[in-house]
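Take a look at the structure set out below.
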Amino acid sequence: MQKHPMIEQLIEAHLQFLNHEFTQSETIKNEFVEFYHWFRKQKLKQIWTVEQIHQLIDQQILKTPASDFLIEQIAEHIRFALVHPANDQTKIADAIPVLTVDKIAQYVASKSGHRQRLIHTVVNNPAFAAMITQLIQHAIHDYLDNSVMVKHVPGVSRFMKMGKSVLESVTDSNLDQAIQHYLQKNIQKLSQMSEQVLNQHFNDDKLYHFQANLWHKIKDLPLNVLKNYIEIDDLQHTVGLGHEIWDHLRQSEYMAQQVKDGISAWYARNQDRSFDLLFRDLNIDEALIQNQLQHLLEPIIQNMLQSDYLTQRARHYLEKFYYSDSTLAILKKGAE
């Protein structure tokens, strides 16, 4: 392309003007605010469709696996939080407000219906029945073998052994089998009794006070007690296991349907709302734009100017403009 002296002078003058304007912080601030004023008035449906939003989330979240580096960083940040020296001086009560704890305790205690259904499910589980059976067997066996009376009252030991022998001969089995047979026959009654006892022990009032007493026991403990319950050296492994669960879930039809329907429901509620209202949901307002985001953007633009990046990109488009057929025709006509 043949260079045109006048066009080259115009391009240089244009570039100098742009560089001068955008090195002024006030220019960046005004342009940023003006863009915000325009953008905030636009409605969601005028800018993006529900399909575009779904495609973005589907591609970037569901179809894109997390990088190994990201998994390592998550584990490292958790480890850093757990070993932070501030945990030694910070009490649990400093991190969790007591009023919130009380609200949680009241909420949990008030859910008697949910609690009773949970207790019913647990005590009627075969595993619970097996556990109760074994506990009772061990307790009886331990009592017969280690009772204080058996050890210290003369003649009682022989009497207990005799009773044990009689019971075994009558039932034609050893004591353990006899007890187990009795418990198996009566396990439903034992489960019902267990359910009644648990419901009485965990009624609304007792459960609330149990949570309150637990809070008073732990509130003054330092946050570093968390290290007693989390293996810091295993974080890489445990975070990796969590990632495996997510990696499987993100590729499942279940998650795909949940995300699709969730986006559709959100879009239907918000499509006629302006971005001003959507920004407010995220605590973004004009004050934030002027006082914080603009200050974050300004150094980026200044660095782009100093590195000649903006000048090079501006020159590219100015040359396309000035050397276009329409612009050359205007210049030719003006020179006549």
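The values are calculated or read from the model by the stated rules, or taken from the named source; none is laboratory data. The structure displayed is predicted, hence computed values, not measured ones. All Cβ positions, glycine included, derive from the backbone under ideal geometry; neighbour counts span all protein chains shown.
Assorted remarks:
- For region 223-262, filtered to residues that are of a type in the set (A, V, I, L, M, F, W, C) and under 13 Å from Ala66 (Cβ atoms), the residue that is surrounded by the fewest Cβ atoms within 10 Å (Cβ to Cβ) is Ile245.
- Across region 219-254, the number of residues qualifying as more than 22 Å from Arg79 (Cα to Cα) and touching a helix residue (DSSP H, G or I) at 6+ places or on another chain (Cβ under 8 Å) comes to 5.
- Residue match in region 265-276 (condition: at positive phi and either β-branched (Val, Ile, Thr) or loosely packed, with under 12 Cβ neighbours inside 10 Å (or both)): no
- Only one of Ile245, Ile289, Ile284, Ile330 that is hydrophobic (A, V, I, L, M, F, W, C), within 30 Å of Ala13 (Cβ to Cβ) and assigned by TED's automatic domain parsing to the domain that holds Val33: Ile330
- Arg79 vs. criteria in contact with a strand residue (DSSP E or B) (Cβ under 7 Å, 6 or more places away or on another chain) and surrounded by 15 or more Cβ atoms within 10 Å (Cβ to Cβ): no
- If you go through region 161-194 and pick out every residue that is at pLDDT below 70 and either touching a Pro at 6+ places or on another chain (Cβ under 6 Å) or of a type in the set (D, E, K, R) (or both), you end up with 5.
- Residues of region 84-94 that are surrounded by 11 or more Cβ atoms within 10 Å (Cβ to Cβ) and either of a type in the set (A, V, I, L, M) or assigned to a helix (DSSP H, G or I) (or both): Ala86, Asn87, Ile92, Ala93, Asp94.
- Scope region 15-52; condition surrounded by 12 or more Cβ atoms within 10 Å (Cβ to Cβ), touching a residue at least 60 places away in the same chain (Cβ under 8 Å) and not in a helix (DSSP H, G or I); matching residues: Thr23, Arg40, Gln42, Lys43
- Any hit, region 290-303, residues being on the phi < 0 side of the Ramachandran plot, over 35 Å from the mean Cα position of the chain (by Cα) and not charged (D, E, K, R): yes
- Scanning region 277-294 for residues that are free of Cβ contacts under 8 Å to residues at least 60 places away in the same chain and aliphatic (A, V, I, L, M) yields Leu277, Leu282, Ile284, Ala287, Leu288.
- Within region 250-281, being of a type in the set (Gly, Ala, Ser) and not in a helix (DSSP H, G or I) holds for Ser252, Ser274.
Let's see how each residue does on (1) of a type in the set (A, V, I, L, M); (2) free of Cβ contacts under 8 Å to residues at least 12 places away in the same chain; (3) assigned to a helix (DSSP H, G or I):
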{"residue": "His54", "(1), (2), (3)": "no, no, yes"}
{"residue": "Asp58", "(1), (2), (3)": "no, no, yes"}
{"residue": "Ile61", "(1), (2), (3)": "yes, no, yes"}
{"residue": "Phe69", "(1), (2), (3)": "no, yes, yes"}
{"residue": "Ile78", "(1), (2), (3)": "yes, no, yes"}
{"residue": "Ala81", "(1), (2), (3)": "yes, yes, yes"}
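- Annotation for region 313-326: at least one member residue is in a loop (DSSP other than H, G, I, E, B), assigned by TED's automatic domain parsing to the domain that holds Phe22 and surrounded by 13 or more Cβ atoms within 10 Å (Cβ to Cβ).
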